[in-house]
Each structure stands twice: as C-alpha cells, then as structure tokens.
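Undergrad: Below you will find the structure I want to go over with you.
The values are calculated or read from the model by the stated rules, or taken from the named source; none is laboratory data. These numbers come from a predicted model, not from an experiment. Note that we place each Cβ from the backbone using ideal geometry, even for glycine, and neighbour counts take in every protein chain shown. Accessible surface is based on the protein model in full, side chains and every heavy atom, while ligands, DNA and RNA are left aside. Shrake-Rupley method; radii C 1.70, N 1.55, O 1.52, S 1.80 Å.
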Amino acid sequence: GKELLYEYCAGRGVPHKRCGKVIVATADDQIETIEAYREQAFRNGVDDLTWLKADEVSELEPAVTSMGGVFSPSTGIIDSHAFMLSLQGDLERHGGQLALLTEVLSVRQTAGGPEIQFADYTMGCEVLINSAGLEAPLFAADMPGTPEPCYAKGHYYSYSGKQPFSHLVYPVAEAGGLGVHVTMDLAGQAKFGPDVRWIDDIDYTFDDSRFDDFVTAIRAYYPDVDPSRLQPGYTGIRPKLSREGRFEDFRIEGPADHGFRGRINLLGIESPGLTASLAIAKRVRGLLGST
C-alpha cells in the first residue's frame, strides 16, 4: 500500500514527504519487542528497517532518549485531505457521484441483491461496498457473525513553537493504539498523540483531564518536553472489532466469506487503513470478480 500511495501522490501532485520514522525502546524490556517488529516487517515484505543503537538514535534525533530502536527510511507523511479530493476527482471522472447529507438507515439482503433504506426511499443495487468506517458494522448487522462496533478514542496535542524533530518518533505500541508518538504535518508543525480511551458512543469532545498522563508518556522518550507548549488539538476515533485486552485485525469480506451476493464489507479499518487504502481497493476489486 505504501508504494502504491507514493506512486499515486507523485502522479497526481498530492503533497507528501518521505521523512522517515524512528521507533524507540525506552526500557530494556522493550528491546525484544522492537526486534519483533523488525522481524515481522521483513515477513510482511518491508525490508528497509535498520536497527539503531542508542547513540545512533541520538544522532538522528538528539532530543530523544532511548535504549535503541529501528529506523524506517521510507515512512512518510501526506496531505490526507488533498488525497481524498483527488480520489473524489477520479470517481467523478469515471461517472461516479458523491451524495452528501443522505442518511442510510439500514441495509438488507433481498433475492435481487442488496437493498439500501434511506429516510424517504429505498434503493436496490447489484454491488454494495460497505466502507462506512466507524459505522460499517451497523450496515452489516443483518449478516451472522458481524461484530458490534467498538470505539477507541484518541487525543492529539499540538506543540507550539520550534520543535526539535526531523523524523516521526514512535514509542512501543500500547494496547489498542500505537502509543503517544510525535508526528509532523507538511508545514513542520509537531503534534503528539494519540492516547487510547474506550468509549461506547461516537463522541469527538476533547477531554483534557488526563493531560498529566500525556506529558508522562511523552517524557519517556522526550524528557525536555515543555508542557506549557502543548495545546489541545483534536480527537479521532478508531473503529475496533473487539474491546480492550483483545486484538482483532480488520476484515475485508466478500461473498465467499459471508455468502451474501453483491456485498463487500470493510470492517474495523483503522491504522494502517489510510496508507493501505489503494491496496485495499485492489483487494476489493479482486473480490468483485466473485460477486
């Protein structure tokens, strides 16, 4: 997905940058975990991760304290909104339409194929690709085995003023998320996040009550962080297929998986869903051959 995305951005003029990423161990017992990341990356076809000793991490990121880590030189950042607008342009050039402010109440299977219920009318279709993000499980609720939607909310803080980082810096992942890491936008603005808070309903309200925990998490690898420069940024919600304490990967399911003609479900598409989006699209296109 990463290479497809870079190729697409270069061809369409979507702003992006290969800035690289460092994943660091902040305790001796995390070294083994990061080594496992590297081994898994090789098994997944990612062969450019290099091991860094503590002094080598310091050479790349002098402000970061660690016991060592791995460096991913091909990790990058992207203007996600420009990417989505470009995809919308592709859709419309091929005769597609985007219908906003059109609430879907439910989806059900009929003898003639999928049927979508809107507020004031019903529409049948030959193929329905359910990529509704947080609410995707709701539109597959008529299918046996569809999980209940679960939500993991994350907060991001922006870091004002000049920042010392030249790469993305990630700690070892935590349950339900990637850990409070530092990333940058294309203008060089740094932000820290996300934390993980399990919620029952979709709610993007920013809760500043755990600010001290946030600072503690950052100090584990960036001890000189100035809390006064951390400002509430925004929140995001990851779609999950199970609650805390249990990991379940996202699902890409076609008729061969669930037995419902003309329907494809993308369930629990969280990180790395954006990076993998074009690869997921290729997978979906392959599944369409079996509908």
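Undergrad: Gain in length, residue 50 to residue 224, computed as 0.36 nm per residue apart minus the alpha-carbon separation, to one decimal in nm?
TA: 60.0 nm
Undergrad: Quick one: length gained pulling residue 249 to residue 74 fully straight, 0.36 nm per residue minus the C-alpha distance?
TA: Contour length minus the Cα-Cα distance gives 60.6 nm.
Undergrad: May I pose another question? Cross-link partners among aspartates and glutamates for residue 21, C-alpha distance below 12 Å, same-chain residues fewer than 8 apart left out?
TA: 48, 61
Undergrad: Roughly how many percent of the accessible protein surface of the chain is carbon and sulfur, given a 1.4 Å probe and a whole-percent answer?
TA: Of the solvent-accessible surface of the chain, carbon and sulfur hold 52 percent.
Undergrad: Taking loop as defined by DSSP and a crowding limit of 11 other beta carbons within 10 Å, which trypsin sites (Lys or Arg not before Pro) in the stretch 142-229 fit?
TA: Hits after loop and neighbour filter: 162.
Undergrad: Of 153/191; 191/240; 153/282; 53/282; 240/282, which ones are farther than 27 Å apart at the Cα?
TA: 153/282; 53/282
Undergrad: Select from 164, 144, 227 the residue whose mean-square fluctuation is largest in a Gaussian network model of the chain (Cα-Cα springs shorter than 10 Å).
TA: With Cα springs under 10 Å in the chain, the top fluctuation among 164, 144, 227 is at 144.
Undergrad: Something else: State the answer as a single residue: which of 30, 209, 9 lies farthest towards the positive end of the charge dipole of the chain, with beta carbon charges of +1 for Lys and Arg and -1 for Asp and Glu, about the Cα centre.
TA: 9
Undergrad: Related question: Helix 80-93 sits at what angle to the longest principal axis of the chain, using alpha carbons and giving 0 to 90 degrees rounded to 10?
TA: Helix 80-93 and the main axis of the chain meet at about 30 degrees.
Undergrad: Hey, what angle do you get for helix 2-12 against the long axis of the chain, alpha-carbon based, 0 to 90 degrees rounded to 10?
TA: Between the helix axis and the principal axis of the chain, the angle is about 80 degrees.
Undergrad: In nm², what is the average projected area of the convex hull enclosing the Cα atoms of the stretch 1-121? Numbers along the way, then the final one.
TA: Details: hull surface 51.5 nm².
If you wrap the Cα atoms of the stretch 1-121 in a convex hull and average its projections, you get 12.9 nm².
Undergrad: Here is a further query. The stretch 167-291: Rg/Rh from Cα coordinates, Kirkwood Rh?
TA: Ratio of gyration radius to Kirkwood radius for the stretch 167-291: 1.06.
Undergrad: Residues of the chain: accessible area per residue at 1.4 Å, in Å²? Walk me through the numbers before you get to the answer.
TA: Values: 15780 Å² over 291 residues.
I get 54 Å² per residue for this part.
Undergrad: Moving on to the next point. When the chain is fully extended, how far beyond the present Cα-Cα distance does residue 160 get from residue 63, taking 0.36 nm per residue of separation?
TA: Net length gain for the segment: 33.3 nm.
Undergrad: Relative contact order for the chain: what is it in percent, counting Cα pairs under 8 Å that are at least 6 residues apart?
TA: Relative CO of the chain lands at 21 percent.
Undergrad: Compute the relative contact order of the stretch 156-275 as a whole-number percentage, counting only Cα pairs closer than 8 Å that sit 6 or more residues apart in sequence.
TA: Value for the stretch 156-275: 24 percent.
Undergrad: Can I ask one more? List the lysines whose Cα lies under 16 Å from the Cα of residue 17, skipping any in the same chain that are fewer than 8 positions away.
TA: Those lysines meeting the cut-off are 2.
Undergrad: Dividing the convex hull volume of the alpha carbon atoms of the chain by its residue count, what do you get in Å³ per residue?
TA: Considering the Cα atoms of the chain, their hull volume per residue is 154 Å³.
Undergrad: Shape of the stretch 18-72 from its Cα gyration tensor (a ≥ b ≥ c, root eigenvalues): rounded if a/c is under 1.5, otherwise prolate when a/b > b/c, or oblate?
TA: The shape class here is oblate.
Undergrad: Normalised by the number of residues in the stretch 147-197, what is the relative contact order in percent for Cα pairs under 8 Å and 6+ residues apart? Walk me through the numbers before you get to the answer.
TA: On the way: 79 pairs, mean separation 22.5, N = 51.
Relative CO of the stretch 147-197 lands at 44 percent.
Undergrad: Treat the stretch 57-195 as a sphere of radius equal to its Kirkwood radius over Cα pairs and apply Stokes-Einstein at 10 °C in a medium of 1.306 mPa s; give the translational diffusion coefficient in µm²/s, rounded to a whole number.
TA: Rounded to a whole number, D works out at 82 µm²/s.
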